[in-house]
Amino acid sequence: QVQLVESGGGLVQAGGSLRLSCAASGRPYAMGWFRQAPGKEREFVASISWSGGSRSYADSVKGRFSISRDNPKNTLYLQMDSLKPEDTAVYYCAAGKDTRVVFSTTERVGSWGQGTQVTVSS
């Protein structure tokens, strides 16, 4: 099973930016980010294919967030710009379950990171 470790969360004002990183043990297949706000279910944010050539985003973050990966470093990134208070959540790195293509449901996730808190103040 792939081990995932996130970093880069924190407190930022609305309109600001943060970049999350996820270090993976080995090179997992497709990877992605999900988030979970208090009292809500975990939801899809973005995913990227094994090669990095295909990306998928939730409608709520399109045009503001950008997912990328550095395969030689086995690292996944999420650049978050124009942050809004509603982006406040714990963000989880995810490795796809034996899939090289983008995914958007928790059922397609084989491994999870421990999560990193992102708080956006108004």
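The values are calculated or read from the model by the stated rules, or taken from the named source; none is laboratory data. For clarity, every value in this text was computed on a predicted model and none was experimentally measured. Please note: Cβ atoms are built from the backbone with ideal geometry, for glycine as well, and neighbour counts cover all protein chains shown. Heavy atoms of the whole protein, side chains included, go into the accessibility calculation; ligands, DNA and RNA do not. Shrake-Rupley method; radii C 1.70, N 1.55, O 1.52, S 1.80 Å.
Arg64 meets the conditions (1) in contact with a strand residue (DSSP E or B) (Cβ under 6 Å, 6 or more places away or on another chain); (2) surrounded by fewer than 18 Cβ atoms within 10 Å (Cβ to Cβ); (3) farther than 16 Å from Glu43 by Cα in every case but one. The failed one is (1). Are any of the residues in segment 5-13 farther than 13 Å from Val118 by Cα and open to solvent by less than 60 Å² (accessible area, probe 1.4 Å)? No, segment 5-13 contains no residue that is farther than 13 Å from Val118 by Cα and open to solvent by less than 60 Å² (accessible area, probe 1.4 Å).
Condition first: of a type in the set (Ser, Thr, Tyr), touching a Leu at 6+ places or on another chain (Cβ under 9 Å) and in a strand (DSSP E or B). Can you find one or more residues in segment 63-76 that meet it? Full working, then the answer.
First, the residues of segment 63-76 that are of a type in the set (Ser, Thr, Tyr): 66, 68, 75.
Okay, now just the ones that are also touching a Leu at 6+ places or on another chain (Cβ under 9 Å), so 66, 68.
Those still in the list that are in a strand (DSSP E or B) too: 66, 68.
The answer is yes, given that some residue of segment 63-76 is of a type in the set (Ser, Thr, Tyr), touching a Leu at 6+ places or on another chain (Cβ under 9 Å) and in a strand (DSSP E or B).
Limited to segment 45-61, what total is found for residues that are open to solvent by 60 Å² or more (accessible area, probe 1.4 Å), in contact with a strand residue (DSSP E or B) (Cβ under 7 Å, 6 or more places away or on another chain) and of a type in the set (Ser, Thr, Tyr)? So that I can check it myself, show each step before the final result.
Let us first name the residues in segment 45-61 that are open to solvent by 60 Å² or more (accessible area, probe 1.4 Å), namely 50-51, 53, 55, 59-60.
Adding the requirement that they be in contact with a strand residue (DSSP E or B) (Cβ under 7 Å, 6 or more places away or on another chain) leaves 55.
With the extra rule that they be of a type in the set (Ser, Thr, Tyr), the set shrinks to none.
Selection size over segment 45-61: 0.
Please specify each residue of segment 19-37 satisfying the condition of being within 20 Å of Arg55 (Cα to Cα) and open to solvent by less than 30 Å² (accessible area, probe 1.4 Å). Answer for segment 19-37, where residues must be within 20 Å of Arg55 (Cα to Cα) and open to solvent by less than 30 Å² (accessible area, probe 1.4 Å): Leu20, Ser21, Cys22, Ala24, Pro28, Ala30, Met31, Gly32, Trp33, Phe34, Arg35. Considering (1) open to solvent by 60 Å² or more (accessible area, probe 1.4 Å); (2) in contact (Cβ under 8 Å) with a residue 24 or more places away in the chain, the lone condition that Asn74 does not fulfil carries the number (1). Reported count of residues in segment 86-121, each being small (Gly, Ala, Ser), assigned to a strand (DSSP E or B) and crowded, with 18+ Cβ neighbours inside 10 Å, is 4.
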